[in-house]
Amino acid sequence: MAEVVIENLVKRFGQDALAVDNISFTVREGEFVTLLGPSGCGKTTTLRCIAGLETPNEGDILIGGELFTSSAKGICLPPEKRHLGMVFQSYAIWPHMSVAENVAYGLQAQRTPRAEITERVKKALDLVGLEGLGDRNATKLSGGQQQRVSLARALAYNPRVLLFDEPLSNLDAKLRERMRLELANLVKELKITSVYVTHDQAEAMVMSDRIIVMKDGRIQQEGNPHATYNEPANSFVADFIGVANIMEGKAAEGDSASGVWVEIPDLGARLLCSSGAREGVQAGADVLITVRPEYILLAENGAADQNRLEGEVREAVYLGETWDCLIQVKDYSLRVHVRGDAELRPGQSVSMAISPAKCVLLKD
Amino acid sequence: MSTDLNEAQLKAGAAAAEGMAAPVSPLGGIFNVENVSKIGSLILLALLAILPITVYLFSSFQIHTEAGAVGFTLSNYVRTFTQPKILSAIWNTLIIAFGTAFFSSIVGVALAWFHARTDMPLRGIMEPLTLIPFFLSSFLGAIAWWALAAPRTGMLNRWMIDLFGLSGPPFNIYSMTGIVMVLALFYIPYMYLFTIGSLNRMDPALEESARVCGTGVLRTALRVTIPLSTPAILSGAIIIFVVSLMLIAVVGLYVQRKIVAPRSYVTVTGKGFRPHRVSLGNWKYAAMALNLLYILMAVILPLGALFLASLNRAWLGGFRWSQLSFYNWDFILFSYDYAIDAMKNSLSLGFIGGFMTVVLCTFLSMVILRGKNRKLSSVVDYVSTLPIGVPGLVMGMAFLITWINTPLYSFPLFLLMLAYMTRYLPYGLRTITSVLQSLSPELEESSRVCGATFLGTIRKVTVPLLRPGIFAAYLMLFIMFIRELPVSALLATEDSTPMAVALYVISENEALGVVSAFALVQAVLLLIGTVIFRRLGNIEKLSV
Ligand SMILES: Nc1ncnc2c1ncn2[C@@H]1O[C@H](COP(=O)(O)OP(=O)(O)O)[C@@H](O)[C@H]1O
Ligand SMILES: [Mg+2]
């Protein structure tokens, strides 16, 4: 168990293919941090640099205060000396070994006494819910069970840090949802520092202490799931995580105590925005703002300090717990989630209220 | 000369070191086991494949006089290409190579199609028999067919004359047709193996949709099935052409890699489909007859002729019960030292040399497929394929002039082994890389992350998973080493004579009975080796 520090990591493949573009972050001891981003954004590459499977072109990697990788000093500890655990996207279960042999592998590599190996293999298999399956041929197991074997294998030798590369992406949807929680709970119970890579925002939300959103090899935002969802830093994050209404506008005046008034031509309205990148906004500056669909409330007469909008329902899809609807406000189709008990039909006029705290100013 | 060698060596070494240093940073240790073993195999590759060929090419531009080698000249080439005798030899060789490639392609592809896609009867029994010539040497075929169809003494000729009262011998093995026939008989299994994999993997729906559109069986085969296997067929035909042509065929190789390789048709669509076979109707008996005819000509007649000949002390063009004797066998196995030494040499070349080649191929395939430096990987890939294009005689010559003045020449068997390794490296490498390609690199990476070292990972993960590939490669190399002739002909000394050369020498000096017995010993060794390796490696199906 240890802290992971990444400093100014750069990884190029070939001359101009920049996979990781100068990223830095820290994973505290026992923390569960997720690298989240669309495919090709450099998550796997970052993880493989931590594991020692790739040598970065620039930057340092420290684990538990020890310098594992430093391109300036020409250090790159081979993977087997790092004492980490890794769960691969393909599980990478060795087909020529039984389940128990797979799990025992890391312990054998460290020359653990045989009696202890047997005991720890059993413990690891119990932990992931595979008791009694040790003698099975690993490749004959189901996808979910193979997933557990590869987790048990990584856990068996008490690694300093656990690395996960989209471990759930090959499972079917139901199983994936169940495994999310199970995996996160297990890892948190064991208090192992974990770096988790996924492109699935729901997975990141459920599991992580902290989410690092990446795009094109750069970090877009770093924060806990709540902050990442409620105060996305830029339009990429707002759009990538959940559903977002993103609107262009002009700051009517500078930042004040209550927030920034933004003139939005498409809506033909002014919205007071008190979240996000408020600081230093000058009057007349072009800004982008975002509002989540569920924070737009239908209200005949809401509180006085709320932003008000009038519109007409264009489409309404009933999902049971909510209505997913598009409401036309002048030139903008606002995506709004309305509670399922409301009565809605296309063509209906509605008035809406949005709390200024839910109107987020974006950085780009 | 020697300065050139050193320079070439240095360059190759430097290139290897540079390539390997890039992915692993200096303080991480250039001199760890991983790099040392990889760089070692690269240097070995350079020494084996590049150096002799370079020296050889270089010396072809030199004239050697008593004062030593004289600078750069094209006169060797001019002389070669203006001598009518050499020109006609080249022309004949071209015709033979073309004829061989042509006929072995047609029959080989037809047989592969019968076995893979049709309801021809007796497929299970005929398949191993059809493949036997692959494990024998074409020289053995030549001797056997000489015994069968030599104009005056050939067994077949005698029978035909006696049976039908012909005035002259119907067969002549010394003709161009005869040579092409014997060569084609022995290359047909290669073509079969080149094609069968692609035919087996083909989705029957591709054919069925052609049938539904109203195309007949034969038309479907010619318009859909065969064209879909074109890459495999073409590359097989080109390799056979090149091999039988025995020319420096870097050009041919280039054609094979650039023109054929990129046209990879994806014929693998679904998994686990049950290959539906084309029904040939009564034609299936014709197919079976063709296959049986092939087995008769390529296996039963040659081996039978040799066997009969080995049981008569003196051969007069036909087997005589009255002369039945085991003298030839006794002589070859127990008292003819030359033959016995040759068997020992060949067995050690086959087992030890094959083993060393397999080890080298394993490391090289890891550099090619798992190396982080793409450029280095493709250079290694290309260089290690080069020997395919170098005919055995040239390879032998190149090794001879490169090493004759070095201490290495006092270990002729070892030198011979190095030359074998070089010549057959591409074949072993191809077999192993094709298996390694199908293994996810994550299997090895996860072993490293679990704390196993580079060598530990190779031992416990890579090699066990590569086992079928490694044994298939070992088997193929064993076979090729045991029947290797051209390289050995140039490099072997009296003490290091392998079986193939001994067979040649014996065939010049001894009676047919002795020759036949010795040829059969070679055949039996090859077939036993085949069985052992296939057992050990769990190789079910052979493929090239
Ligand atoms: N071995 C490699 N060689 C060349 N390019 C690579 C290699 N691995 C990754 N890349 C490139 O680097 C970028 C980041 O890849 P990766 O880290 O795998 O993304 P992610 O895991 O976020 O989907 C991609 O554009 C990918 O094409
Ligand atoms: Mg990835």
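The values are calculated or read from the model by the stated rules, or taken from the named source; none is laboratory data. For clarity, every value in this text was computed on a predicted model and none was experimentally measured. All Cβ positions, even for glycine, are placed from backbone atoms using ideal geometry, and neighbour counts span all protein chains on display. All accessible areas refer to the heavy atoms of the entire protein, side chains included, with ligands and DNA or RNA removed. Shrake-Rupley method; radii C 1.70, N 1.55, O 1.52, S 1.80 Å.
Okay, here's what the table says:
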{"read-out": "1 or more residues away from every other protein chain (no Cβ under 14 Å): qualifying helices (runs of 4 or more DSSP H) within the range B:433-501", "value": "B:463-483, B:486-491"}
{"read-out": "Failed criterion for B:Ala150 (all others in (1) open to solvent by less than 10 Å² (accessible area, probe 1.4 Å); (2) modelled with pLDDT of 85 or more hold)", "value": "(2)"}
{"read-out": "Pairs where the first residue, in the range A:29-56, is touching a residue at least 40 places away in the same chain (Cβ under 8 Å) and farther than 17 Å from A:Thr193 by Cβ and the second is more than 13 Å from ligand 2 (Cβ to nearest atom) and among the aromatic types (Phe, Trp, Tyr), C-beta under 8 Å, 6+ apart", "value": "A:Leu36/A:Phe240; A:Gly37/A:Phe240; A:Pro38/A:Phe240"}
{"read-out": "Checking A:Gly223 against (1) more than 16 Å from ligand 2 (Cβ to nearest atom); (2) open to solvent by less than 20 Å² (accessible area, probe 1.4 Å); (3) in contact (Cβ under 8 Å) with a residue 40 or more places away in the chain, the condition it does not meet", "value": "(3)"}
{"read-out": "Some residue of the range A:45-55 being more than 16 Å from ligand 2 (Cβ to nearest atom), in the same structural domain as A:Gln89 (by TED's automatic domain parsing) and farther than 30 Å from A:Glu189 by Cβ", "value": "yes"}
{"read-out": "For A:Val287: the one exception among (1) open to solvent by 10 Å² or more (accessible area, probe 1.4 Å); (2) part of a strand (DSSP E or B); (3) farther than 19 Å from A:Ala233 by Cβ", "value": "(3)"}
{"read-out": "Boolean, A:Val213 is within 14 Å of chain B (Cβ to nearest Cβ) and within 16 Å of ligand 2 (Cβ to nearest atom)", "value": "no"}
{"read-out": "Residue that is at pLDDT 90 or above and within 24 Å of A:Leu18 (Cβ to Cβ), where the choices are A:Val243, A:Val197", "value": "A:Val197"}
{"read-out": "Residue within the range A:73-82 that is in the same structural domain as A:Thr198 (by TED's automatic domain parsing), within 16 Å of ligand 1 (Cβ to nearest atom) and within 15 Å of B:Ala452 (Cα to Cα) present", "value": "yes"}
{"read-out": "Among the candidates B:Phe186, B:Phe194, B:Phe134, residue that is modelled with pLDDT under 80 and either open to solvent by 40 Å² or more (accessible area, probe 1.4 Å) or in a helix (DSSP H, G or I) (or both)", "value": "B:Phe194"}
{"read-out": "Residue check for A:Ala124: closer than 22 Å to A:Lys191 by Cα, surrounded by 17 or more Cβ atoms within 10 Å (Cβ to Cβ) and either at pLDDT 95 or above or aliphatic (A, V, I, L, M) (or both)", "value": "yes"}
{"read-out": "Residues (in contact with a strand residue (DSSP E or B) (Cβ under 6 Å, 6 or more places away or on another chain) and more than 9 Å from chain B (Cβ to nearest Cβ)) located in the range A:68-86", "value": "A:Phe68"}
{"read-out": "Set B:Val358, B:Val390: member being in contact (Cβ under 8 Å) with a residue 12 or more places away in the chain and closer than 23 Å to B:Ser59 by Cα", "value": "B:Val390"}
{"read-out": "Search result, residues across the range A:179-202 that are open to solvent by less than 10 Å² (accessible area, probe 1.4 Å), within 16 Å of ligand 1 (Cβ to nearest atom) and either among the small types (Gly, Ala, Ser) or within 13 Å of A:Phe240 (Cβ to Cβ) (or both)", "value": "A:Thr198"}
{"read-out": "When residues of the range A:24-34 are limited to those that are farther than 14 Å from A:Leu9 by Cα and open to solvent by less than 20 Å² (accessible area, probe 1.4 Å), the one farthest from ligand 1 (Cβ to nearest atom)", "value": "A:Glu31"}
{"read-out": "Cβ pairs under 6 Å, 6+ apart, first in the range A:153-177 and away from chain B (no Cβ under 14 Å), second within 16 Å of ligand 2 (Cβ to nearest atom) and open to solvent by less than 10 Å² (accessible area, probe 1.4 Å)", "value": "A:Arg176/A:Leu168"}
{"read-out": "Residues located in the range A:9-23, provided they are open to solvent by 50 Å² or more (accessible area, probe 1.4 Å) and either more than 16 Å from ligand 2 (Cβ to nearest atom) or away from chain B (no Cβ under 14 Å) (or both)", "value": "A:Arg12, A:Gly14, A:Gln15, A:Asp16, A:Leu18, A:Asn22"}
{"read-out": "Any hit, the range B:100-121, residues being out of contact with any Ser or Thr (no Cβ under 8 Å at 6 or more places or on another chain), of a type in the set (D, E, K, R) and open to solvent by 10 Å² or more (accessible area, probe 1.4 Å)", "value": "no"}
{"read-out": "Test: residue in the range B:401-408 that is over 19 Å from B:Pro486 (Cβ atoms), open to solvent by less than 30 Å² (accessible area, probe 1.4 Å) and more than 14 Å from chain A (Cβ to nearest Cβ)", "value": "no"}
{"read-out": "Hey, A:Glu231 assigned by TED's automatic domain parsing to the domain that holds A:Gly30, away from ligand 1 (no atom under 16 Å from the Cβ) and among the charged types (D, E, K, R) or not", "value": "yes"}
{"read-out": "Subset of the range A:87-107 that is open to solvent by less than 10 Å² (accessible area, probe 1.4 Å) and under 25 Å from A:Ile6 (Cα atoms) - its residue that is farthest from the other protein chains (Cβ to nearest Cβ)", "value": "A:Val87"}
{"read-out": "Single residue of A:Gly132, A:Gly144 found to be open to solvent by 60 Å² or more (accessible area, probe 1.4 Å) and modelled with pLDDT under 90", "value": "A:Gly132"}
{"read-out": "Scan of the range A:35-46 for residues that are surrounded by fewer than 21 Cβ atoms within 10 Å (Cβ to Cβ) and more than 7 Å from ligand 1 (Cβ to nearest atom), ordered by number", "value": "A:Pro38"}
{"read-out": "Residue within the range A:57-67 that is open to solvent by 20 Å² or more (accessible area, probe 1.4 Å) and within 16 Å of ligand 1 (Cβ to nearest atom) present", "value": "yes"}
{"read-out": "All positions within the range A:156-178 that are open to solvent by 10 Å² or more (accessible area, probe 1.4 Å), over 25 Å from A:Asp239 (Cβ atoms) and within 16 Å of ligand 1 (Cβ to nearest atom)", "value": "A:Asn170"}
{"read-out": "Unique residue being more than 10 Å from every other protein chain (Cβ to nearest Cβ) and farther than 25 Å from A:Leu168 by Cα when the list is A:Gly42, A:Gly59, A:Gly37", "value": "A:Gly59"}
